[in-house]
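Encoded as structure tokens, the structure appears first; notes follow it.
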Amino acid sequence: MEPTATGPATAASPPPPGTPLPDGPASLVAPGIAGLLGGLPRRRGVAAPAAAATGPVAAAAQERAPRSRPWHVLPSPTRTPFTFTYAVVLALTSLFAAVADQGLVHMLYRESSTDVAHLVRTPVLVLVASALWVAGGVLSPYMLAFVLVLSGLERRIGGARAACVFLAGHVLATLATEVPVGLAVLFGHLPGSSLHRLDYGISFGVATSTAALAGLLTPWLRRSLLALTAGTLLDDLIAYRDPMTNWGHVIALAIGVAAWPLVRRWAHHRA
């Protein structure tokens, strides 16, 4: 019961022995004890009574607080517009590749390939076109990784910056693998046929985005995600089925790790 403003103040009777002291503000403690405790800092982790979740202001704050839902990891047109739009484009191109004439599809793959011959003639066109296809179709592991990783990264740093991270991995890892091939052919260490190869897809960008996202997670999640991703990529490299592409994946992962200071700064500003 709150004290009334009428009548003389009466001394409160002391609690019986063994009764725990109230854990409240100093105004509810005896005046002498309150004077001694007035200069002491509050216990860490104990919220002040004034900050209790009451009143319209607290209700509005609770209404604005983000609520975690399982489907929030998926892209949406409002929360992650870049990832959502890009995923729709990839789904459409994968559907086209599944139902169209395979000769036409193979021709489009070949014209979109980021091999040395195409990079010398139309570098911007093939770098963009190669990122419009998913090797293995919409049900491939790279598509699943794209949806989960890009949406998580976009929620933390924004759509434009997530796009920059993805494109940086896609472009830089492509150049890091194709430029040495061009130089090797130029100096006679590789045959001229090495200038023409089928190389397309989103895997370099996904690898870079995965490493960049890991830099924004807690240490345990960061180590787990990096260990799983690096182990998979190194296993492919050891198998030596497509060494150039496999080396490109490792380089793309390293690019994402190198971007940690930048993506952390972006995430801090966005928060």
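The values are calculated or read from the model by the stated rules, or taken from the named source; none is laboratory data. Computed from a predicted model, the values in this text were never measured in an experiment. Every residue, glycine as well, gets a Cβ built from its backbone with ideal geometry; the counts of neighbours run over all protein chains shown. The protein model used for the area step is the full one, side chains on, heavy atoms only, and it has no ligands, DNA or RNA in it. Shrake-Rupley method; radii C 1.70, N 1.55, O 1.52, S 1.80 Å.
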Label-point separation in nm, Ser193 to Val128, each point 7 Å along Cα→Cβ: 3.3
Cβ-based net charge around Arg121, under 12 Å, with every Lys or Arg adding one and every Asp or Glu removing one: -2
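Gain in length, Leu234 to Arg264, computed as 0.36 nm per residue apart minus the alpha-carbon separation, to one decimal in nm? Don't skip to the end; give the middle numbers.
Working: separation 30, 0.36 × 30 = 10.80 nm, distance 2.63 nm.
Roughly 8.2 nm would be gained on extension.
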Neighbour net charge for Val257 - beta-carbon separation under 13 angstrom, K R +1, D E -1: +3
Residue among Met244, Ala207, Thr232 farthest towards the positive dipole end of region 198-271, charges placed on Cβ: Ala207
Percent accessible area from carbon and sulfur atoms, region 103-162, protein chains only, probe 1.4 Å: 74
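Largest first, how would Phe96, Phe166 line up by accessible area (1.4 Å probe)? Present the calculation step by step, with values, prior to reporting the outcome.
Details: Phe96 80, Phe166 0 Å².
Correct descending sequence by accessible area is Phe96, Phe166.
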Amide N proximity, region 242-266 versus Cys164 label position 7 Å along Cα-to-Cβ, cut-off under 16 Å: 256-266
Net charge of Cβ neighbours under 15 Å - reference Val171; Lys, Arg +1; Asp, Glu -1: -3
